């Protein structure tokens, strides 16, 4: 329920008190049908969830100016209903211009329609000539004038259309708002768009002349109190037919008198309105004129000297010069026009889109759209990939801009896609909350996602591979998010993923390319996670698989590890993390592998037990392996453990949320140390243990150093860098002493020989 309980109760009491009974002063006035000259229609209902503060009085604070003419009472208690409209339905005062311009465009559209259906062509050409809209701000008078050459209104229509809030009755209007369950099309029948003028004006005058024969010009005036006046108007005559709105601005709305502000709003909301919208502007032009001072001594036959002087003029200038190319057939729009529209509509002057698609929906709903994939990452997304202020899809209804911040129009993993959607099935006056629940919006969402995926696939299939590389570098992380979050389209996104690998370190490879290059009999896709491809290359875990001739995919971002959990297999091939314990290669029997490892553990039991004792608290266990070919040892995680990259990411998240960076992982993520018994370093350790026993400081230092090196090459961080440095210094000192002693042994015999020679 969007209206507060207090507001609903207040409105209900007004209804029960008879506040919405037609005024007895004008009880003879017939109620118009729904379709009779609906000039002022509502274009957007903004319902806010805050508690309404509604005055008990029906008269606003603004001073009422009584003019000559007939007085009428509104058919509703406008003091309360107007409070709902102004303070609750519209959350942004800027929309008043959109509402009023849209109403003017409706009037022009109706005039054009009637001109086409008119019986007499002569009458049509004389009466219905070039509908247009003009806007002028007067700072001295503190007014804004919006004039259209549309259908206009008679006196009776002024009373019917402006004298009451809604054609369908205010009671139904209140009920629809109060229960929050009204159908959007039902809400669209309440004509409240005109009253948005009171967001910025404390008095509104409507001067109008109907297109009907022998119509007079009338002036409707109200300050939103309980009454209004209608009088014949003898001011500036309206040529042909049309309506002139004069808004007397409130003191806190004077910013709208600035031409720059009005121009900004017109460009934002009404850029593609079909009829010309012109605004009164001051323009400065520079002209060349003769320089009288410099030409005083001008000789006959010499060319006079000129100077540049500014010349300021005021005139109407058309604002909506851009054409809505999405309404044209795609075959009639050139590639240059698509590019120009993208750069203009999305303020991307230096960006050329990688791809675009232009399509329409027909049948269940009507919708026309153009979507673009940018050539570069938009600036706002470079700071935050899901920036809430990023406006990617612009929604129009019958060319009138509605909003560009709908969360449900496309999923957030397509946040980078730019485009416009113009629907004929979404009424202009739906609130954002209702629109997001619309079934029509759900259908549009599915089509936009499908078309976006088609564009991405076309880039991936392009002969110019650099295009998809550019796309992936800019937007690849969004596709990874799509795999994680969108189960409906996961299978469509996975073939579009790209990775570095052990066979293509400098070039991307896809799952399809990996499968094509598999060894005969290979049943798994192998991958390793690391902080960058260089560290992935150094990983001893990857070495175990590379040495057997298998390709290894390098997953180099924290997002990759989260994403890969959603991709258990691809085309019947299981994905296997080589940094996990218990790796079984496709060319080995599991039983044979287990038997071989048991034999290695038994034959090297001394060094295995020693390492487990020396590294207690650092590793879960130690095991011997023959899969390592170059490295002395490697750290691997258990089946459900987190990689070192993910552990660092989780620590950073914990610290950012105010937690500690120590001890959060616990023993659950302690790694398993796999040792290569055939490596010279491990053989040296075995010799130290046999020579010095388990209490040998040299052996213990060597064992911990072996663990440190395995941790570094496997992507882990050294917990105590000072202790690590001390162990390195100890090793270097031991080596230096050994070298000195060896040198002394070599020098001593030489000295003895020399001494004996001297004695002789």
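Examine region 452-464 for a residue that is in a helix (DSSP H, G or I), in contact (Cβ under 8 Å) with a residue 12 or more places away in the chain, out of contact with any helix residue (DSSP H, G or I) (no Cβ under 8 Å at 6 or more places or on another chain) and crowded, with 17+ Cβ neighbours inside 10 Å, and state whether such a residue exists.
Looking only at region 452-464, we keep the residues that are in a helix (DSSP H, G or I), and these are 452-460.
Next, from what is left, pick out any that are in contact (Cβ under 8 Å) with a residue 12 or more places away in the chain: 452-460.
Next, only the ones that are out of contact with any helix residue (DSSP H, G or I) (no Cβ under 8 Å at 6 or more places or on another chain) stay: 454-455, 458.
From what's left, crowded, with 17+ Cβ neighbours inside 10 Å: 455.
Looking through region 452-464, at least one residue is in a helix (DSSP H, G or I), in contact (Cβ under 8 Å) with a residue 12 or more places away in the chain, out of contact with any helix residue (DSSP H, G or I) (no Cβ under 8 Å at 6 or more places or on another chain) and crowded, with 17+ Cβ neighbours inside 10 Å.
Remark: residue 572 matches the filter, which requires a residue to be surrounded by fewer than 16 Cβ atoms within 10 Å (Cβ to Cβ), more than 29 Å from residue 687 (Cβ to Cβ) and either touching a strand residue (DSSP E or B) at 6+ places or on another chain (Cβ under 8 Å) or not assigned by TED's automatic domain parsing to the domain that holds residue 633 (or both). Determine, yes or no, whether residue 332 is at pLDDT 85 or above, surrounded by 12 or more Cβ atoms within 10 Å (Cβ to Cβ) and over 27 Å from the mean Cα position of the chain (by Cα). The answer is no for residue 332.
Pick out the one residue from 373, 365 that is surrounded by 20 or more Cβ atoms within 10 Å (Cβ to Cβ) and in contact with a strand residue (DSSP E or B) (Cβ under 9 Å, 6 or more places away or on another chain). Just a single option satisfies the conditions, and that option is 373.
At least 1 residues that are under 43 Å from the mean Cα position of the chain (by Cα) and either modelled with pLDDT of 55 or more or in the same structural domain as residue 239 (by TED's automatic domain parsing) (or both) in each: list the helices (runs of 4 or more DSSP H) lying fully within region 106-179 that qualify.
Values: elements: 121-127, 155-162, 170-179.
Qualifying helices (runs of 4 or more DSSP H): 155-162, 170-179.
Does region 392-406 contain any residue that is part of a loop (DSSP other than H, G, I, E, B), without any contact (Cβ under 8 Å) to a residue 12 or more places away in the chain and closer than 27 Å to residue 263 by Cβ? Taking every residue of region 392-406 in turn, none turns out to be part of a loop (DSSP other than H, G, I, E, B), without any contact (Cβ under 8 Å) to a residue 12 or more places away in the chain and closer than 27 Å to residue 263 by Cβ.
With respect to residue 611, is the statement that it is buried (at least 20 other Cβ atoms within 10 Å of the Cβ), within 21 Å of residue 535 (Cβ to Cβ) and modelled with pLDDT of 80 or more true? When the stated conditions are applied, residue 611 does not pass them. For region 712-721, the criterion of being surrounded by 13 or more Cβ atoms within 10 Å (Cβ to Cβ), modelled with pLDDT of 65 or more and part of a helix (DSSP H, G or I) is satisfied by at least one residue.
Does region 255-282 hold any residues that are free of Cβ contacts under 8 Å to residues at least 60 places away in the same chain and closer than 30 Å to residue 420 by Cβ, and which are they? Walk me through how you get there before you give the answer.
Filtering region 255-282 for residues free of Cβ contacts under 8 Å to residues at least 60 places away in the same chain gives 255, 260-261, 263-264, 267, 281-282.
Once the filter is applied, which keeps residues that are free of Cβ contacts under 8 Å to residues at least 60 places away in the same chain and closer than 30 Å to residue 420 by Cβ, region 255-282 yields 255, 260, 261, 263, 264, 267, 281.
Can residue 414 be described as in contact (Cβ under 8 Å) with a residue 60 or more places away in the chain and in the same structural domain as residue 337 (by TED's automatic domain parsing)? Talk me through it step by step, then tell me what you get.
Details: in contact (Cβ under 8 Å) with a residue 60 or more places away in the chain: yes; in the same structural domain as residue 337 (by TED's automatic domain parsing): yes.
Yes; evaluated as a whole, the condition is true for this residue.
Within region 410-425, the set of residues being touching a strand residue (DSSP E or B) at 6+ places or on another chain (Cβ under 8 Å), assigned to a loop (DSSP other than H, G, I, E, B) and within 19 Å of residue 353 (Cβ to Cβ) comprises 410, 416, 417.
Out of 297, 252, one residue alone is under 35 Å from the mean Cα position of the chain (by Cα) and surrounded by fewer than 12 Cβ atoms within 10 Å (Cβ to Cβ). It is 252.
The set of residues in region 604-627 being assigned to a strand (DSSP E or B) and touching a residue at least 24 places away in the same chain (Cβ under 8 Å) consists of 619, 620, 621, 622, 623, 624. The condition (being modelled with pLDDT under 85 and buried (at least 17 other Cβ atoms within 10 Å of the Cβ)) is satisfied by just one residue among 617, 582, 641: 641. From the list 534, 557, 561, which one is touching a strand residue (DSSP E or B) at 6+ places or on another chain (Cβ under 8 Å), under 21 Å from residue 647 (Cβ atoms) and modelled with pLDDT under 90? Sole residue among the options that is touching a strand residue (DSSP E or B) at 6+ places or on another chain (Cβ under 8 Å), under 21 Å from residue 647 (Cβ atoms) and modelled with pLDDT under 90: 561.
Close Cβ contacts (under 7 Å, 6 or more residues apart or on different chains) running from residues in region 682-698 that are in the same structural domain as residue 728 (by TED's automatic domain parsing) and over 15 Å from residue 609 (Cα atoms) to residues that are modelled with pLDDT of 80 or more and outside any loop (DSSP other than H, G, I, E, B) comprise 692/698; 692/699; 698/688.
The values are calculated or read from the model by the stated rules, or taken from the named source; none is laboratory data. Please read these numbers as outputs of a predicted model, since none were measured by experiment. Counting neighbours? That spans all protein chains shown, and the Cβs are built from the backbone with ideal geometry, glycine included.
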